[in-house]
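The block underneath contains the structure these notes are about, expressed in structure tokens.
Any read-out appearing in this document is the output of simple, stated calculations on the displayed coordinates, not a laboratory observation. All of these numbers come straight from a predicted model, not from anything done at the bench. Here the Cβ positions follow ideal geometry from the backbone for every residue, glycine too, while neighbour counts run over all protein chains shown.
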Number of protein chains: 2
Amino acid sequence: MNNRETILENALVLFASFGYDATGVQEICDQSGITKPTLYHYFRSKRGLMEALLSENYTPYIKRLKDACEYRRDLPQNIAEVLRSTFRFADSNLLFYKLQFSMRNAPARGEAYDIIKPWIKAQHEPVFTLFSEAEKDNGNMRGRAQAYTITLLGMANAYIQQAFEENTALNEDLAYQARQQFMYGIFS
Amino acid sequence: MNNRETILENALVLFASFGYDATGVQEICDQSGITKPTLYHYFRSKRGLMEALLSENYTPYIKRLKDACEYRRDLPQNIAEVLRSTFRFADSNLLFYKLQFSMRNAPARGEAYDIIKPWIKAQHEPVFTLFSEAEKDNGNMRGRAQAYTITLLGMANAYIQQAFEENTALNEDLAYQARQQFMYGIFS
DNA sequence: AAATCACTATACCGTGCGGTATAGTAACTC
DNA sequence: GAGTTACTATACCGCACGGTATAGTGATTT
């Protein structure tokens with residue numbers, strides 16, 4: 001494995017364990033068996049390292065999420081796919097999921113939140129567009145696209161957290177249950 | 001207002017805005033118009049300051065939550081009260097709510113999470129006990145007390161976040177809607 | 001063979017951090 | 001009025017932080 005990948009791997013572990021602020025560049029270098037100039041050669045700054053980490057791990061998920069949000073006049077189907085892709089995202093790299101989750105919920109004016117902000121937007125956008133499209137076919141939903149987006153993703157996180165803390169699987173059944181519960185919230 | 005209260009107030013604003021790690025003791029002192037020895041007189045350390053902040057703001061909520069979890073063979077009633085007390089907690093001091101939320105979701109081995117850990121336990125415990133009691137009256141629920149605890153509190157947070165981001169009220173209606181949705185998740 | 005390039009180590013810089021030694025003041029205690 | 005206590009300011013400490021200047025190395029290009 002080349003140094004760049006080694007650095008990214010160790011940075012992920014440390015950032016996810018101790019947080020962005022509390023993890024020193026020197027620590028990442030020690031763990032990776034390299035020195036600071038090497039790290040600064042590949043990544044322009046500590047922040048640049050974090051940005052690269054986010055980019056590499058988010059990109060495939062966002063792509064799948066966009067596909068899942070392609071509206072074909074079957075909203076339940078879309079919701080199932082959104083949940084499935086999100087569950088899969090969490091399941092495939094739990095460490096990164098935890099890291100991005102902690103950053104999303106970090107104080108708004110901190111650096112960690114500032115770095116992850118564009119990715120939050122990239123995640124919300126397709127889901128918001130999906131609900132906006134679906135609004136046109138269902139008057140009940142009018143004007144609530146943003147609320148649905150937040151609740152759906154928030155609920156997905158609640159389920160993921162639950163599965164993680166209970167050490168149970170993030171399987172198809174759980175995705176189905178989450179979908180049913182969410183749909184009930186819409187049409188009640 | 002005395003210095004102790006001034007310090008606590010400014011610390012809350014700064015910690016909630018920039019995070020525990022990124023907020024310097026000096027900054028808190030400047031904002032409060034005092035110097036470091038004064039701060040260290042009232043609070044033994046930066047960590048002690050954070051602990052005092054948590055204690056003062058959490059205590060009344062935990063007390064109300066415990067009352068809300070007193071089981072009288074009417075689980076829906078309990079759930080409504082849990083949601084209401086939690087919504088009220090978030091509504092009464094949004095800044096503190098945001099601070100504790102960011103800390104709950106901070107990396108597990110960071111200092112911020114370590115400080116808030118006992119309070120998470122104090123919050124989960126009464127809710128968990130409630131569901132454990134209710135299990136005895138409803139076979140369907142057996143063995144899921146912890147899952148219900150996590151999902152209920154997670155869902156409450158999703159609603160609170162939604163209300164905050166949409167700038168809508170955390171009113172009785174929303175608590176009712178959340179309860180219905182949660183109950184549907186249990187009995188489906 | 002000279003020059004260029006990507007990459008890496010040693011050693012260092014300025015800054016800001018959490019925390020404190022010292023000393024003083026004003027208000028109570030005996 | 002002497003001693004004690006609670007509180008606060010000046011000035012400082014040691015340290016770890018993010019980042020870099022310098023100097024190489026070995027492979028590739030010309």
> Among (1) small (G, A, S); (2) within 13 Å of chain A (Cβ to nearest Cβ); (3) more than 29 Å from A:S102 (Cβ to Cβ), where does B:S132 come up short?
Replying inline: (2)
>> I need the full set of residues from the stretch B:14-33 which are within 12 Å of chain A (Cβ to nearest Cβ) and either near DNA strand D (Cβ under 9 Å from one of its atoms) or not acidic (D, E) (or both), in order please.
In response: B:L14, B:F15, B:A16, B:S17, B:F18, B:G19, B:Y20, B:A22, B:T23, B:G24
> Of the residues that make up the stretch B:67-74, is at least one part of a helix (DSSP H, G or I), under 16 Å from the mean Cα position of the chain (by Cα) and within 20 Å of A:A158 (Cα to Cα)?
Replying inline: no
>> Whether any residue in the stretch A:85-95 is more than 12 Å from the chain's Cα centre (by Cα) and either within 14 Å of chain B (Cβ to nearest Cβ) or at positive phi (or both) is what I want to check.
In response: no
> Considering only the stretch B:34-45, how many residues are within 11 Å of DNA strand D (Cβ to nearest atom), more than 13 Å from B:R4 (Cβ to Cβ) and in a loop (DSSP other than H, G, I, E, B)?
Replying inline: 1
>> If I filter the stretch A:6-26 down to residues being touching a helix residue (DSSP H, G or I) at 6+ places or on another chain (Cβ under 6 Å) and not hydrophobic (A, V, I, L, M, F, W, C), which single residue comes out as nearest to DNA strand C (Cβ to nearest atom)?
In response: A:T6
>> Considering only residues that are acidic (D, E) and either surrounded by fewer than 16 Cβ atoms within 10 Å (Cβ to Cβ) or at the interface with chain B (Cβ under 10 Å from one of its Cβ atoms) (or both), which ones fall in the stretch A:135-183?
In response: A:D137, A:E165, A:E166, A:E172, A:D173
> Inside the stretch A:153-169, can you point out the residues that are over 19 Å from B:A108 (Cβ atoms), touching a helix residue (DSSP H, G or I) at 6+ places or on another chain (Cβ under 6 Å) and hydrophobic (A, V, I, L, M, F, W, C)?
Replying inline: A:M155, A:A156
> Out of all the residues in the stretch B:34-59, which are surrounded by 19 or more Cβ atoms within 10 Å (Cβ to Cβ), within 13 Å of DNA strand C (Cβ to nearest atom), under 20 Å from B:Y113 (Cβ atoms) and away from chain A (no Cβ under 14 Å)?
Replying inline: B:F43, B:L49
> So, in the stretch B:106-122, of the ones that are surrounded by 17 or more Cβ atoms within 10 Å (Cβ to Cβ) and within 14 Å of chain A (Cβ to nearest Cβ), which residue ends up nearest to B:E81 (Cα to Cα)?
Replying inline: B:I116
